[in-house]
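Notes follow the structure.
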Amino acid sequence: MNYQWYPGHMMKAKRMMQENIKLIDLVIELVDARIPFSSRNPDIDELGKNKSRLILLNKSDLADEKCNKEWMAYFKQKGFHVLEINAKTGAGIKAIQGTVKEACREKIERDRKRGIINRPVRAIVVGIPNVGKSTFINSYAGKACAKTGNKPGVTKGKQWIRLNKELELLDTPGILWPKFESQDVGRKLAFIGSMNDEILQMTELAIDLIDFLMIYYKQLLIDRYQIPEKEEIPHKILEHICENRKCYKKGGEIDHEKGAALLLDDFRLGRIGRITLERPGEMA
Ligand code: G4P
């Protein structure tokens, strides 16, 4: 299957990002904890150079806890500030304030030397579609925060959310586009549902997912669908899933498409278990 996506919006999104990034001190980048490498666009490193950087491993509730720790260490080692969060429940969000201060320490110090005191840090949230940007902004900003409206020197129409006297957030997140450097990246984006399913062959995708799960999370698969221990052929495993979940066509024939959709749905919602699709060691 050939994974392709994102046609015309890319240039527009990039231009928007270039404009917005000039206004801010700190880039808060959300990545999907299940695919922290494939859900990044490395162009952000170029766009955000000279800015303070914070990476949030979002949807950490769906990802393997051990892998979350490995990815935290990986990004830290690359010089980023990093935290794991669940934007949906708000877990991990409390720790952000302290980390922001630390990430912006140099900027605050620079301001102070120039006699600028108490100017809030300005931040933008960026990430690929569906990574949880809006959920995060809502959860982080909460209801208590007032929008501050236009400010001098800020492009008309831009809204800042004042989180406290030290931090303001641009209310529109920056959309990054995934980078299809390889079919492998495309496949992982398809697994997590970051691609339009209508253009995908779901059965093939499900077989690929089973292939991966059999290597890293075999027991989770067996437990969820009561697959015989000795079964190792992905296509046969899909048939077991279909039987287990009664995915049949009218005449009683196995409905592979339905079983595939069910498996992908279960995976995306974390029903199979906490699963991470890539590890830092594989990314060299
Ligand atoms: P975006 O702005 O980056 O495009 O993403 P958005 O916030 O719209 O979130 C995309 C989906 O991811 C939403 O689900 C949202 O609830 C879910 N989500 C965001 N953060 C987390 C997280 O940390 N953990 C989990 N498990 N899910 C998260 P949806 O099904 O599209 O909407 P809804 O039914 O949840 O409202």
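Here, each number is a calculation from the coordinates, and none is a lab measurement. Remember, it's a predicted structure, so these values are computed and weren't measured experimentally. Cβ placement follows ideal geometry from the backbone for every residue including glycine, while neighbour counts extend to all protein chains displayed.
Per residue, the convex hull spanned by the Cα atoms of segment 201-261 amounts to 71 cubic angstrom. In a fully extended conformation the segment linking E181 and I117 would gain 18.7 nm over its present Cα-Cα distance, using 0.36 nm per residue. Of I215, I237, Y225, which is farthest on the positive side of the dipole of segment 158-284, counting Cα position, with +1 on Lys and Arg Cβ, -1 on Asp and Glu Cβ, and the Cα centre as origin? Selected residue: Y225.
Of K94/K165; K66/K107; K69/K236; K88/K230, which ones are farther than 27 Å apart at the Cα? Among K94/K165; K66/K107; K69/K236; K88/K230, the Cα-Cα distance tops 27 Å for K66/K107; K69/K236; K88/K230. The angle separating the long axis of helix 65-77 from the principal Cα axis of greatest extent in the chain is about 40 degrees. Annotation: amide H of H81 within the under-5 Å range of R53, I55, sequence separation 5 or more or interchain, hydrogens built in the peptide plane. Counting only DSSP beta bridges with both residues in the chain, the antiparallel share comes to about 25 percent.
Each Cα pair of the chain feeds into the Kirkwood radius, which the Stokes-Einstein equation turns, at 4 °C and 1.567 mPa s, into a diffusion coefficient of 63 µm²/s. In segment 1-132, one over the average inverse separation of all distinct C-alpha pairs is 15.9 Å, which is the Kirkwood hydrodynamic radius.
Rounded to 0.05, the FRET efficiency of the N130 and E102 pair, given R0 = 30 Å and the Cβ-Cβ distance, is 0.55. Given R0 = 30 Å, the distance between the Cβ atoms of A73 and R271 translates into a calculated FRET efficiency of 0.60. Couplings for segment 256-272, taken from phi via the Karplus curve 6.51 cos²θ - 1.76 cosθ + 1.60 with θ = phi - 60°, read 4, 4, 5, x, 5, 5, 5, 4, 5, 4, 4, 4, 5, 8, x, 6, 7 Hz in order; Gly and Pro are left as x. Using the alpha-carbon centroid of each, what span in Å lies between segment 18-53 and segment 245-284? Cα centroid of segment 18-53 versus Cα centroid of segment 245-284: 30 Å apart. Taken along the Cα-to-beta-carbon direction at a fixed 7 Å, the label points for K250 and E166 span 6.5 nm. Distant-in-sequence amide contacts of I161, defined by a placed amide H-H separation under 5 Å and a gap of 5 or more residues or a different chain, comprise T148, L169, L170, D171. Between the amide H of G193 and any residue lying 5 or more places away or on another chain, no distance stays under 5 Å, with hydrogens modeled in the peptide plane. Pull up the cross-link candidates among the aspartates and glutamates for K76, meaning alpha carbon to alpha carbon under 16 Å and not fewer than 8 places away within one chain. Correct list for K76: E29, D45, E84, E102.
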